[in-house]
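Q: Handing you this structure, nothing more for now.
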Amino acid sequence: MSAPLPVADNSRAILLMLAAIFCFTSMDATAKALSQESGTVVALWARYAGQSLLVLALVSRRLGAVARTRFPGLQLLRSAFLMCSTTLFFFGISHIGLAQATAIMDVNPVLITLGAALFLGETVGPRRIVAIAISLVGAMIVIRPGGAVFSLWSLLPFCAAFTYAGYALMTRYVGRSEDPWTSLLYGALFGAIIPTVLVPFHWQPVTPKGVVLMLMLAGFGTLGQLLLIRAFTAGEAAVLAPFGYVGLVFATLFGIVAFGEWPDLWTWVGALVIVGSGLYVWHREHGARTAP
């Protein structure tokens with residue numbers, strides 16, 4: 001079992017995590033706007049192709065060193081998880097509200113907590129297992145399977161939460177011994193392949209607004225990925241995971257201001273259940289670390 005990281009390291013990692021979540025929520029809002037403008041496949045292509053170009057430009061002087069990896073198979077699988085997560089979430093937010101999709105996606109922190117115990121040797125106890133179950137109940141409240149307002153599109157961010165958890169755990173694992181830019185490069189290049197093949201069949205004339213949205217999407221995605229990689233490299237996955245809930249606040253604000261989307265009562269109830277379970281996990285972690 002791995003020893004806990006120093007509190008100072010986790011504090012720095014938490015700040016990096018919060019910055020990453022803001023970038024990702026900004027990226028999601030931009031992707032929703034671009035999907036309405038040019039389609040979801042174009043948004044996926046802009047997100048990954050733009051990131052690939054930015055990363056290649058930034059590491060061009062040391063590309064040979066950055067491209068070397070000790071874990072080619074894990075980097076490929078990690079990148080596939082990220083691509084699946086982004087695709088599922090982008091298609092989800094093109095059909096349901098940003099805050100609703102984010103609330104459903106927010107089951108991923110407790111999934112990361114469980115995965116960190118199962119695969120990374122980080123500590124998890126029975127109370128956290130209960131918190132994970134409660135979080136999943138919260139997701140079902142938001143999704144409301146069988147209800148009058150149920151939409152199959154709401155299952156996409158739910159599935160995205162599982163693939164994102166796999167990505168986050170692999171990022172944590174390979175980040176222990178690899179340059180963050182290596183993980184960033186492989187994630188961008190792999191993610192750009194499939195959308196580049198598909199985008200000619202879905203291309204629409206791009207307006208000046210669409211070009212700006214594409215640039216913003218690439219910028220927010222690249223910066224968010226770099227910050228997230230550094231966060232999971234510096235801190236424990238189980239400590240960082242609950243702070244992903246801040247994204248729900250950002251998503252709600254973006255949804256209201258940019259798209260006029262006001263979450264309904266049950267979305268709020270389910271979101272509070274999910275966030276409450278995550279904060280309980282954090283409280284247990286914080287109490288364990290500060291106990292004499």
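The values are calculated or read from the model by the stated rules, or taken from the named source; none is laboratory data. The shown structure was predicted, so the numbers you read here are calculated from the model rather than taken from an experiment. Positions of Cβ are generated from backbone atoms using ideal geometry, with glycine treated the same way; all protein chains shown enter the neighbour counts. Heavy atoms of the whole protein, side chains included, go into the accessibility calculation; ligands, DNA and RNA do not. Shrake-Rupley method; radii C 1.70, N 1.55, O 1.52, S 1.80 Å.
Q: What shape does region 98-241 take by its C-alpha gyration tensor, where a ≥ b ≥ c are the square roots of the eigenvalues and a/c under 1.5 counts as rounded, a/b above b/c as prolate, and the rest as oblate? Working shown, then result.
A: Working: a/c = 2.46, a/b = 1.19, b/c = 2.07.
Here region 98-241 falls in the oblate category.
Q: Per the Cauchy relation, a quarter of the hull surface: what is the mean projected area of the convex hull of the alpha carbons in region 173-265, in nm²? Please report the intermediate quantities before stating the final value.
A: Numbers: hull surface 35.0 nm².
Across all orientations, region 173-265 yields a mean hull projection of 8.7 nm².
Q: Pairs of Cα atoms under 8 Å, at least six residues apart: use those to get the relative contact order of the chain, whole percent. Working shown, then result.
A: Details: 450 pairs, mean separation 118.4, N = 292.
For the chain, the relative contact order is 41 percent.
Q: Let me ask something else about it. Using a probe of 1.4 angstrom, how much of the accessible area of the chain is carbon and sulfur, in percent?
A: Working: 9450 of 12850 Å².
Whole-percent figure for carbon plus sulfur exposure: 73.
Q: Next up: How would region 1-108 be classified by its alpha-carbon gyration tensor: rounded, prolate or oblate, with rounded meaning a/c under 1.5 and the a/b versus b/c comparison settling the rest?
A: Oblate, because a/c is 1.5 or more while a/b does not exceed b/c.
Q: Run the dipole for the chain about the Cα centre, Lys and Arg Cβ at +1, Asp and Glu Cβ at -1, nothing else charged, and hand back the magnitude in debye, nearest 20. Don't skip to the answer; put the middle values down first.
A: Values: 17 positive and 11 negative charges, 114 e Å.
Using only the charged Cβ atoms, the result is roughly 540 debye.
Q: If you don't mind, there's one more thing I want to ask. How far apart, in nm, are the 7 Å Cα→Cβ label points at L118 and W268?
A: 3.5 nm
Q: Mind pulling the per residue volume of the convex hull built on the Cα atoms of the chain? Å³ is fine. Don't skip to the end; give the middle numbers.
A: Working: hull volume 37.8 nm³, N = 292.
Convex hull of Cα atoms, per residue: 129 Å³.
Q: Do the sum for the chain: with -39,500 (n - 2.57) for every DSSP H run of n ≥ 4, divided by all residues, what is the mean residue ellipticity at 222 nm, to the nearest 500 deg cm²/dmol? Provide the component values of the computation, followed by the final result.
A: Values: 13 runs with 226 residues, N = 292.
Computed mean residue ellipticity for the chain: -26000 deg cm²/dmol.
Q: Whole angstrom only: what separates the Cα centroid of region 18-68 from the Cα centroid of region 165-231?
A: Cα centres, region 18-68 to region 165-231: 4 Å.
Q: Points 7 angstrom from Cα along the Cβ direction at L152 and R68: gap in nanometres?
A: Those two pseudo-labels are separated by 4.9 nm.
Q: Using R₀ = 25 Å, calculate the FRET efficiency as 1/(1 + (r/R₀)^6) where r is the Cβ-Cβ separation of H95 and R12; round to 0.05. Mind showing how you got there, number by number?
A: Values: r = 38 Å, r/R0 = 1.51.
The calculated FRET efficiency here is 0.10.
Q: When ligands, DNA and RNA are left out and all protein chains stay put, how many square angstrom of accessible area per residue does region 208-261 have with a 1.4 Å probe? Can you show the working numbers first?
A: Numbers: 1930 Å² over 54 residues.
Ligands and nucleic acids excluded, the result is 36 Å² per residue.
Q: Taking 41 Å as R0, compute the FRET efficiency from the Cβ-Cβ separation of L58 and A258 and round it to 0.05. Write down the numbers at each step before the final one.
A: Working: r = 29 Å, r/R0 = 0.70.
So, using R0 = 41 Å, E works out to roughly 0.90.
Q: Further question on the same structure: If contacts are Cα pairs under 8 angstrom and at least 6 residues apart, what is the relative contact order of region 65-186 in percent?
A: Numbers: 123 pairs, mean separation 59.4, N = 122.
Relative contact order comes out at 49 percent.
Q: While we're on this one: Starting with the highest mean, order 78-90, 202-214 by the number of other Cβ atoms within 10 Å, averaged over the residues of each peptide. Write out the running numbers ahead of the final one.
A: Values: 78-90: 22.2, 202-214: 13.7.
Going from most to least packed, we get 78-90, 202-214.
Q: Something else now. Compute the length gained on full extension between V137 and V211: take 0.36 nm times their separation in residues and subtract their Cα-Cα distance, giving the result in nm to one decimal.
A: Numbers: separation 74, 0.36 × 74 = 26.64 nm, distance 4.02 nm.
Here the segment from V137 to V211 would lengthen by 22.6 nm.
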